[in-house]
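Here is the structure we will look at.
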Amino acid sequence: MKNNIEILNKAVQGKRITSDEALILFQSKDILSIGETADLIRIKKHTDNIVTFVIDRNINYTNICISKCKFCAFHRDKNSSDAYLLSKKELLNKIEELKNLGGTQILMQGGLHPDLKIDYYTDLLKTIKSNFNIHIHSFSPPEIIHFTHINNLSIKDVLIELKNAGLDTIPGGGAEILCDEVRKQISPNKCTSDEWLSVMKEAHKLNMRTTATMMFGHIESYNHRVEHLDKIRKLQDETGGFTAFIPWTFQPGNTQLPLNPVGGFEYLKTLSISRIFLDNFDNIQASWVTQGAKIAQVALRFGANDLGSTMLEENVVKSAGISFRISIEEMKKIISDADFKPVQRDCYYNIIN
């Protein structure tokens, strides 16, 4: 059996590590060596010493959701006193505020609403595009699969309708852990692993770029994390359609999973192994939303090359009791203090500013 050093040397040499080797790294406590290797791989991919970020806003258009995932503190029943569905005016006002701050995209996601048909979403997209020149990064795979069910349409047909109405790219939310034995326990009413992957594959075929995510630190094992990473690496080999990978930690507050949250050690180790294993991903994003600015800053030396969004608004993690905020100037300072050059990007990782 190979040891850590042999595996890490193999990765530094540009050779692909196997799932078994990734598992050995996960079982290790030597995060400094793992982190150093991830940093070296980042440097090879990104020789310009920049760290990117995007100015956008998370708009959760509704909290009404029939999925009722055990890890989620955001969802509400349709008849709940605090259930909501944003009006067009409210949504457009949020986008206008973002544009005034130099924002370039919106991340729009919501619960799996039982009554809204595809016409609602296509009309919404058209309204946004007719009022603003803004990139729409919206509707995660569980939403797309939900749209197929309530409209009796194929994944491809749903994506074509949404794309024609103005949808630009698709976020990687709803992946959680792409292993159905885990999903059946924490999100039994949500799409399967294969359905999640199918949405992304169809989107890539339509030349729509997407991101990939992993929410970890709940009931999954290291084996499950490796399986998840292997599935998205294989799809990236096939399509090349993922722009970035974003791992983040489960936040247990106000959820049905009363677990202790994992800390910075486990987060940094997982992020570093992701950089090492996902050799076909250019961009790995640090999650200040769940870990805070200090750990996110350290993550820039553990394989991450992107700090994600300034996130003018965020509601889902906030509902679990975690509410870190970062201004544009703070974002730049975090990057500069880690001896990188802060650079604003768009959703495709093109440099804007």
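No lab work stands behind these numbers, since they all come straight from the coordinates. All figures in this text were calculated on a predicted structure; none of them were measured in a lab. Glycine also receives a Cβ, built like all others from the backbone with ideal geometry; neighbour counts cover every protein chain displayed.
Just a few scattered comments:
- Separation of the alpha carbons by more than 24 angstrom is noted, of Lys190/Lys234; Lys94/Lys126; Lys29/Lys190; Lys15/Lys234, for Lys29/Lys190.
- Maximal additional length on extending the Leu101-Asp157 stretch stands at 16.6 nm, based on 0.36 nm per residue less the C-alpha distance.
- Amide H contacts under 5 Å for Val54, placed H, 5+ residues apart: Gly308, Ser309, Thr310, Arg345
- Ellipsoid semi-axes for the chain, based on the Cα gyration tensor and the rule √(5λ), read 31, 23, 20 Å when sorted largest first.
- Once backbone amide H atoms are built at 1.01 Å from N, Ile177 has Met215 as its partners under 5 Å, excluding neighbours fewer than 5 places away on the same chain.
- Longest site-free stretch - the chain; sites: trypsin sites (Lys or Arg not before Pro), DSSP loop, at most 15 other Cβ within 10 Å: 118-324
- Fraction of antiparallel bridges per DSSP, the chain only, in percent to nearest 5: 5
- By the count of neighbouring beta-carbon atoms within 10 Å, fewest first, Trp288, Trp248 end up ordered Trp248, Trp288.
- Virtual spin-label span in nm between Lys88 and Gln13, 7 Å along Cα→Cβ: 6.1
- For segment 336-353, putting each phi into the Karplus relation 6.51 cos²θ - 1.76 cosθ + 1.60 with θ = phi - 60° gives couplings of 4, 5, 8, 6, 10, 9, x, 9, 6, 10, 9, 5, 9, 6, 7, 6, 9, 8 Hz, in residue order, rounded to whole numbers and with x for Gly and Pro.
- Amide proton proximity set for Met108, modelled H, under 5 Å, gap of 5+: Ile59, His137, Ser138, Phe139
- In the structure shown, the pairs Lys89/Lys201; Lys231/Lys269; Lys129/Lys341 are assessed against 22 Å; a Cα-Cα span above that value is assigned to Lys89/Lys201; Lys129/Lys341.
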